[in-house]
């Protein structure tokens, strides 16, 4: 996993990335969020939409997390005199959706996008807990749209990282807002029980079959070679699957023993996330009848 770029980061600063798109970086950097969550403002006229409003910074979800402090104010400043017509969330992890609620309170704009989803957090990190405050006014199905003056956003269902994950395609420019599904700086964590490797791979294939010009992820830089990156990501996941099968052909193993063999030189803070992705692969292989498990021990079925 690459190191973060040198500071200063543009936290709280409005950056225009193309004529219809601006972004504001939230103050919530971590080993899993890179320099923070990137909130996008779509539209250049009297009507705009916000994608992934980010953390609210008000101790949301009872975790006392204030790392998003001031981010809603920065979004409102970026919106200016325009009317916010939609607040869109790609999924409901706490670094993406909690600010939707105070943003709606400040503007009256409806919350739309992914379906609500709240699960007990048994994942690798605190910021992956689901947001119990998320209450959309409209849930978007695959292919449904939200529009405003000069722009149209189409929902693209991409389950895998979470079962409710959506991307958003900006029809006027060929841009795709990919949330956590595809990021240029890191692969996405796929953490069962909600994260599903088979769904994730199918969603990658779905994006590879599209013709989007550029990806704007919620963390990290824009992706200017999207189909090439997605192709590489699918190959990377297949290599991980091959690693797992080879290790289990040698001897039955627990996930904790497999992670250091598969992820050489990994930051110890990321061991939990790596283990969750290994588990996601194993569950998929178990469905295929290629591995079996007994308690915490996994064995090749060959």
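The values are calculated or read from the model by the stated rules, or taken from the named source; none is laboratory data. Values in this document were obtained by computation on a predicted structure and should not be read as measured data. Backbone-built Cβ (ideal geometry, glycine too); neighbour counts: all protein chains shown.
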Exercise. Specify the residue that is farthest from residue 173 (Cα to Cα); the eligible residues are those in segment 1-26 that are assigned to a loop (DSSP other than H, G, I, E, B) and under 17 Å from the mean Cα position of the chain (by Cα).
Key: 1
Self-check item: Members of segment 248-271 found to be out of contact with any strand residue (DSSP E or B) (no Cβ under 6 Å at 6 or more places or on another chain), buried (at least 17 other Cβ atoms within 10 Å of the Cβ) and assigned to a helix (DSSP H, G or I), listed by number
Solution: 255, 258, 259, 262, 270
Quiz item: So which strands (runs of 3 or more DSSP E) stay within segment 142-197 end to end and still have 3 or more residues that are surrounded by fewer than 22 Cβ atoms within 10 Å (Cβ to Cβ)?
Solution: 145-148, 151-157
Quiz item: Which numbered condition trips up residue 221, out of (1) touching a strand residue (DSSP E or B) at 6+ places or on another chain (Cβ under 7 Å); (2) part of a loop (DSSP other than H, G, I, E, B); (3) free of Cβ contacts under 8 Å to residues at least 60 places away in the same chain; (4) under 27 Å from residue 266 (Cα atoms)?
Solution: (1)
Quiz item: Restricting segment 275-290 to residues that are without any contact (Cβ under 8 Å) to a residue 40 or more places away in the chain and crowded, with 19+ Cβ neighbours inside 10 Å, which is nearest to residue 161 (Cα to Cα)?
Solution: 278
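Table: residues versus (1) modelled with pLDDT of 95 or more; (2) out of contact with any helix residue (DSSP H, G or I) (no Cβ under 7 Å at 6 or more places or on another chain).
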{"position": "122", "(1), (2)": "no, yes"}
{"position": "131", "(1), (2)": "no, no"}
{"position": "135", "(1), (2)": "yes, yes"}
{"position": "147", "(1), (2)": "yes, yes"}
{"position": "151", "(1), (2)": "yes, yes"}
{"position": "156", "(1), (2)": "yes, yes"}
{"position": "177", "(1), (2)": "yes, yes"}
{"position": "185", "(1), (2)": "no, yes"}
{"position": "191", "(1), (2)": "no, no"}
Quiz item: So which residues in segment 155-182 are closer than 15 Å to residue 111 by Cα and free of Cβ contacts under 8 Å to residues at least 60 places away in the same chain?
Solution: 155
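When segment 212-240 is examined, which residues are found to be more than 20 Å from residue 272 (Cβ to Cβ) and touching a helix residue (DSSP H, G or I) at 6+ places or on another chain (Cβ under 8 Å)? Walk me through it before giving the result.
Kept after step one, since they are more than 20 Å from residue 272 (Cβ to Cβ), are these residues of segment 212-240: 212-218, 220-235, 238-239.
Those that are more than 20 Å from residue 272 (Cβ to Cβ) and touching a helix residue (DSSP H, G or I) at 6+ places or on another chain (Cβ under 8 Å): 212, 213, 214, 215, 223, 226, 227, 230, 231, 233, 234.
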